[in-house]
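Q: Handing you this structure, nothing more for now.
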Amino acid sequence: MPGPKTRPYQTALATARRPWPWRLWLVVIALLASGEALADVSAQPSTPLVGRVELGVDDSRADATVACMYPMTGRSASFGRDSIVAIQLALEELSSDPDAPRLRVIVDDSRSKASFAVRMAEDFIAQDNADILCGIVSSGVGMAVSRLARQRRIIMVGTDHASSRASIEEGHRYYFRVSSDTWYSHAAGARYLKELREKTGWRKLAFLGPDYEYGRVAWRDLQQALEQNDVPFEETGTYWPKLYEPDYSLYIQSLLESPPDVLVVSLWGGDFVAFLEQARTTQLFSRMRVANFDAGGDYETLVSLKNDPPEGLILSARHHVNWPPTERNRRFVTRFHELSGRYPSYSAQGAYAGMLTIARAIRIAGDVTDTDAMIEALEGLEIPLPKDPEGYVSYIDPDTHQIVQAQAIGTPVANDQYPPARVMLGNWVVYGAESLKPSAALVKKRRGESGG
């Protein structure tokens, strides 16, 4: 009798791994033995979640199978770790509602590689009978899987990757995104910079971002948003380190040789932390203001600042632990901490939003296998989320399939309420969701330029 079918991506992953320490084997065994062990494992930042994890109900009792891909290894593994805890939190909430659909959720390691994730998605569809694809942190990976979703006519719910090109130029009827993208973040950033210009008179601007899909689109979005807000500037340079760059010294040196008044950075996660730590050893922060409008205000970044943040930082993120000051956000942050022993990164809210969005759409459509009904339910769907300020409810734009949310930008201030962080963002400037939406003319123009 032939053995079980081997998945191509699992073979590649197995050959790439080194033998594990015996303590890590015990962690994985505990995780597989009990879903409750997930909270204990995820509470330890140094412990990677390796391999496939299944949450929710089993296949025989599920109304839908949702297959998610997140990084569980490498510099961005913390985003995958937090996403799994947030999925657990969402499933916990859904289990208390007798009318909610029962979800089987599979999560596996995308390894932040497009070809690897596409093979994984193919296997999710063929072998696990996945009804919906979800997740993904890297924009390049997310767009590759989105193209597969369009080809296979399966709904994909993006929860973290942020390139606006995924929903504008390459948007299609099967793709939906439930976290803020580079357009919304940089539309808010452009307005902030306009107001800063009125106060300080800054003129020179430079941009530093990762040399792949996300960074390149973030720069284009910022330029277009500045133009729409009538903010002229002198560009002193654009800098493109590779993703997961270990050494930013040459970029820092070049910035100091031709210093801008404002440096906008689109690095994220460990890359942004590494840049900050290396720049702190120089005069960079005394020579220019540094802003990161999309991912810079992540909780882990704030932890890395300790109690002495560099001068002049301007930061935002797709979700904040301490904003908005609503009961919904407090419940989310508190319960996440109870499950994991830490506070959530912005990726957690995206994964949480993904599960609740999928569940609500299934309830409206009545059957997850009715793809047309599911798409109709998702277009314009309202979903109350932790990121929503009082009196506002997030919704999915029927045209772009992008969630519409407010954006808050702040600066680091002393705050010891969320240890081990010693600073949190404050001095908030909040931009309403509707004011940040890309205009119909911009969407038409960009889709026309791409041939879409």
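Please treat every number below as a calculation from the coordinates, not as lab data. Keep in mind that what you see is a predicted model, and the values were worked out from it rather than measured. FYI the Cβ positions are ideal-geometry reconstructions off the backbone, even for glycines, and counts take in every protein chain you see.
Q: Under the Kirkwood approximation applied to all pairs of distinct alpha-carbon atoms, what is the hydrodynamic radius of the range 263-391 in Å?
A: 16.8 Å
Q: Oh, and also: Aspartates and glutamates within cross-link reach of K445: Cα-Cα under 20 Å, excluding same-chain residues under 8 positions apart?
A: E169, E170, D181, E213, D221, E227, D230, D397, D399, E434
Q: Give the Debye-formula value of log10 I(q)/I(0) at each listed q (0.29 Å⁻¹), with one equal scatterer per alpha carbon of the range 305-369, two decimals each.
A: After summing over all Cα pairs, the log10 values are -1.21.
Q: Could you state, as a whole-number percent, how many of the C-alpha pairs of the range 87-222 are farther apart than 25 Å?
A: Tail of the P(r) past 25 Å holds 39 percent of the pairs.
Q: At 1.306 mPa s and 10 °C, plugging the Kirkwood radius over alpha-carbon pairs of the chain into Stokes-Einstein gives what diffusion coefficient in µm²/s?
A: 71 µm²/s
Q: In what sequence, highest mean first, do 312-319, 387-394 appear when ranked by Cβ atoms within 10 angstrom?
A: 312-319, 387-394
Q: Within the set K194/K437; K194/K387; K113/K306; K242/K387, which residue pairs have Cα atoms separated by over 29 Å?
A: Flagged as over cut-off: K113/K306; K242/K387.
Q: Given Cβ point charges of +1 (Lys, Arg) and -1 (Asp, Glu) and nothing else, what value in debye, to the nearest 20, does the dipole of the chain about its Cα centre take?
A: In total the dipole reaches around 820 debye.
Q: In the range 69-167, how does Rg compare with the Kirkwood Rh, expressed as the Rg/Rh ratio over alpha carbon atoms?
A: 0.97
Q: Can you compute the helix-only [θ] at 222 nm over the chain? Use -39500 (n - 2.57) per DSSP H run of at least 4 residues, normalise by all residues, nearest 500 deg cm²/dmol.
A: -13500 deg cm²/dmol
Q: Tilt of helix 114-128 relative to the longest C-alpha principal axis of the chain, in degrees (0 to 90, nearest 10)?
A: 30 degrees
Q: Can you give me the convex hull volume of the Cα atoms of the range 247-315, divided per residue and expressed in Å³?
A: Hull volume over Cα atoms, normalised by residue count, gives 75 Å³.
Q: Using only Cα atoms, find the angle between the long axis of helix 77-95 and the longest principal axis of the chain, and express it within 0 to 90 degrees, rounded to the nearest 10.
A: Roughly 60 degrees between the two axes.
Q: Let me ask another. Please report the relative contact order for the range 268-365, taking Cα pairs under 8 Å with a sequence separation of at least 6, and give it as a percent rounded to a whole number.
A: It comes to 24 percent, rounded to a whole number.
Q: Hey, if you put +1 on the Cβ of every Lys and Arg and -1 on every Asp and Glu Cβ in the chain, which of V107, L284, H186 ends up farthest toward the positive end of that dipole?
A: Toward the positive end, the furthest listed residue is L284.
Q: Would you calculate the convex hull of the Cα atoms in the range 355-452 and tell me its volume per residue in Å³?
A: Enclosed volume per residue, from the Cα hull, is 165 Å³.
Q: May I ask for the angle, rounded to the nearest 10°, between helix 270-279 and the longest principal axis of the chain, with both axes built from Cα atoms and the value confined to 0 to 90°?
A: The angle comes out at about 20 degrees.
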